[in-house]
1. Once fully extended, how much extra length lies between Leu70 and Lys8, figured as 0.36 nm per residue of separation less the alpha-carbon to alpha-carbon distance?
2. Report, by chain and number, residues whose modeled amide H sits under 5 Å from the one on Phe45, excluding near sequence neighbours (fewer than 5 apart, same chain).
3. Counting only protein heavy atoms, what percent of the accessible surface of the chain is carbon or sulfur at a 1.4 Å probe?
4. How far is it, in nm, from the label point at Ala57 to the one at Val42 when both lie 7 Å from their Cα along the line to the Cβ?
5. Can you tell me the orientation of helix 53-63 relative to the chain, as the angle in degrees between its alpha-carbon axis and the longest Cα principal axis, to the nearest 10?
6. Given bins 5 angstrom wide, list per bin the percent of all Cα-Cα distances in the chain, short to long.
7. Using the Cα centre of the chain as the reference point, and only Cβ charges (+1 on K/R, -1 on D/E), how large is the resulting charge dipole? Debye, rounded to the nearest 20.
8. Find the accessible area per residue for the chain; the probe is 1.4 Å, ligands and nucleic acids are left out, and the unit is Å².
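The values are calculated or read from the model by the stated rules, or taken from the named source; none is laboratory data. Since we're looking at a predicted model, the values are computed, not measured. In this analysis, Cβ positions are derived from the backbone assuming ideal geometry, glycine residues included, and neighbour counts consider all displayed protein chains. Just the protein is used for accessible areas: all its heavy atoms, side chains included, with ligands, DNA and RNA removed. Shrake-Rupley method; radii C 1.70, N 1.55, O 1.52, S 1.80 Å.
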Amino acid sequence: MNRWPAAKAQRVLAALLRAGWTIKRQTGSHRTLQRPNQPDFVFAFHDGDEIGPRMLARIAKHTGLKPENL
């Protein structure tokens with residue numbers, strides 16, 4: 001069973017920013033996030049979009065996000 005709950009994109013982005021990611025640039029809804037010593041990550045969701053558990057797990061794999069950070 002997946003331990004990730006569904007969450008709004010705005011909430012996920014806020015959690016990433018609290019975890020040390022910063023917005024490098026933005027074009028429309030595509031935000032390129034950066035963090036020292038890690039490759040850039042493109043967060044391509046509108047703020048009101050609902051992100052499901054499987055996509056959250058993929059985001060976590062690339063960013064180190066944990067369910068308790070939401």
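1. So the extension gain works out to 21.3 nm.
2. Answer set, sorted by chain and number: Arg31.
3. The computed percentage sits at 51.
4. So the two model labels end up 2.4 nm from each other.
5. Tilt of helix 53-63: around 40 degrees.
6. Binned Cα distances yield the sequence 3, 17, 31, 27, 15, 5, 1, 0.
7. I would put it at about 180 debye.
8. 66
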